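To start, the structure under review is shown below, and the notes come after it.
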Amino acid sequence: MFFHATWCTICKAQRPAVESLTKDDALKSVKFGQVNTDDLKDITSKYNVPGQPVIIIYKDGKEEKRYFGSGNSQESLTTVLKGLL
């Protein structure tokens, strides 16, 4: 789950790595989603997201990994996701 805001420059920098994951055939079974923190404050609060960008990776409904800020490469995110499959 990618928590972001449209005005956030750090979110914009992180977006290409996140979006590239959705095109990886090895991750076909992974469900991806995004939450605009300005528009969906109730969801942002429910998942304890204090700012943006935040990437939360779940497996079987349980949070496995949480990333804050930018600089999370497609490769590192792919490695974590593949390890959870």
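The values are calculated or read from the model by the stated rules, or taken from the named source; none is laboratory data. Since the model is a prediction, treat every value here as computed from it, not as a measurement. Each accessible area value is taken on the protein alone, full model and side chains, heavy atoms only, with ligands, DNA and RNA left out. Shrake-Rupley method; radii C 1.70, N 1.55, O 1.52, S 1.80 Å.
Things worth noting here:
- Accessible surface of the chain [probe 1.4 Å, protein heavy atoms]: carbon and sulfur percent: 52
- Averaged per residue, the chain has 63 square angstrom of accessible surface, using a 1.4 angstrom probe with ligands and nucleic acids left out.
- For the chain, calculated [θ]222 nm from helices alone, where every DSSP H run of n ≥ 4 adds -39500 (n - 2.57): -10500 deg cm²/dmol
- P(r), alpha carbons of the range 25-79 - 5 Å bins starting at zero, rounded %: 4, 15, 27, 26, 18, 8, 1
- Each residue of the range 64-70 was assigned a 3J(HN,Hα) from its phi angle through the Karplus curve 6.51 cos²θ - 1.76 cosθ + 1.60 (θ = phi - 60°); the sequence is 9, 7, 9, 10, 10, x, 9 Hz, with glycine and proline shown as x.
- Mean projected area (nm²) of the alpha-carbon convex hull when the range 1-54 is viewed from all directions: 3.8
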